[in-house]
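The values are calculated or read from the model by the stated rules, or taken from the named source; none is laboratory data. Predicted model, so just to flag it, every value in this text is computed and none were measured. All Cβ positions, even for glycine, are placed from backbone atoms using ideal geometry, and neighbour counts span all protein chains on display.
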Amino acid sequence: MNTDTTTPQLHGTTIISVRRFNKVVIAGDGQVTFGDKIVMKATAKKVRRIGKDNVIVGFAGVTADAFALLERLEGNLEKYSGQLTRACVELTKDCRMDKYLRKLEAMLIVADANVSLIVTGTGDVLESDDQILAIGSGGTFATAAAKALLENTDFDSEKIALTSLKIAGDLCIFTNNNINIESIEY
């Protein structure tokens, strides 16, 4: 018997980033769920450009927490002259030191022409070994699909990201096939 009497949280999404053939892509679905039974919105935009439009970001987790991370990241990008890695490291330092920020339940995938990173609300910055990053409830499905496509096809980064998200949407009940995508060529 479930004795949890708290209000269900808004959650569920899949965000993926793929870097291949001089193009980095971040794609995400548009579904927002309430608890494990209700789709609240099917067309949310969880992927966008920030900074001077030279950084793309996708977010998963508690929306207010994701926006708190995004706002701080944008401030750091300005403060550190667009240096994405430095801005992310400084953000995670803040998350570790600040009692409020330390409890953020959100993750970001951020990318520019040089690097793709995962930033967590708990103070971690991670870079991929294979140019694929994924977060959210369908992240493992999308990662598995992207790894197979990267190894066995000549698809570009956008086609890999879109195909992987569609597969994740077929498997994960918290992910739909209303996909938003942003890219940077370098």
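Computed quantities for the displayed model
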{"item": "Those residues of the range 102-112 which are over 15 Å from Arg48 (Cα atoms) and either under 13 Å from the mean Cα position of the chain (by Cα) or surrounded by fewer than 20 Cβ atoms within 10 Å (Cβ to Cβ) (or both), in sequence order", "result": "Arg102, Lys103, Glu105, Ala106"}
{"item": "Test: residue in the range 9-29 that is more than 26 Å from Ser157 (Cα to Cα) and in contact with a helix residue (DSSP H, G or I) (Cβ under 7 Å, 6 or more places away or on another chain)", "result": "yes"}
{"item": "Lone unmet requirement of (1) in a loop (DSSP other than H, G, I, E, B); (2) free of Cβ contacts under 8 Å to residues at least 60 places away in the same chain for Arg72", "result": "(1)"}
{"item": "Considering residues of the range 118-138 that are outside any loop (DSSP other than H, G, I, E, B) and buried (at least 23 other Cβ atoms within 10 Å of the Cβ) only, the residue farthest from the chain's Cα centre (by Cα)", "result": "Ile132"}
{"item": "Check on Ala66, at pLDDT below 95 and assigned to a helix (DSSP H, G or I)", "result": "yes"}
{"item": "The one condition in (1) more than 17 Å from Thr13 (Cα to Cα); (2) within 12 Å of the chain's Cα centre (by Cα) that Phe59 fails to fulfil", "result": "(1)"}
{"item": "Any hit, the range 33-53, residues being more than 14 Å from the chain's Cα centre (by Cα), over 20 Å from Val115 (Cα atoms) and buried (at least 18 other Cβ atoms within 10 Å of the Cβ)", "result": "yes"}
{"item": "Contacts under 8 angstrom Cβ, first residue in the range 141-152 being over 22 Å from Gly12 (Cα atoms), partner part of a helix (DSSP H, G or I) and at pLDDT 95 or above, 6 or more apart", "result": "Leu149/Lys159; Leu149/Ile160; Leu149/Thr163; Leu149/Ser164; Leu150/Ile160"}
{"item": "Some residue of the range 33-55 being at pLDDT below 85, out of contact with any strand residue (DSSP E or B) (no Cβ under 8 Å at 6 or more places or on another chain) and not charged (D, E, K, R)", "result": "yes"}
{"item": "Cβ-Cβ under 8 Å pairs, at least 6 apart or on other chains, the range 37-57 side under 18 Å from Gly169 (Cβ atoms), far side of a type in the set (Asp, Glu) and assigned to a strand (DSSP E or B)", "result": "Val47/Glu182"}
{"item": "Hits in the range 151-165 - residues which are within 19 Å of the chain's Cα centre (by Cα) and buried (at least 17 other Cβ atoms within 10 Å of the Cβ)", "result": "Ser157, Glu158, Ile160, Ala161, Leu162, Thr163, Ser164, Leu165"}
{"item": "When residues of the range 73-102 are limited to those that are in contact with a helix residue (DSSP H, G or I) (Cβ under 8 Å, 6 or more places away or on another chain) and over 25 Å from Arg19 (Cα atoms), the one modelled with the highest pLDDT", "result": "Lys79"}
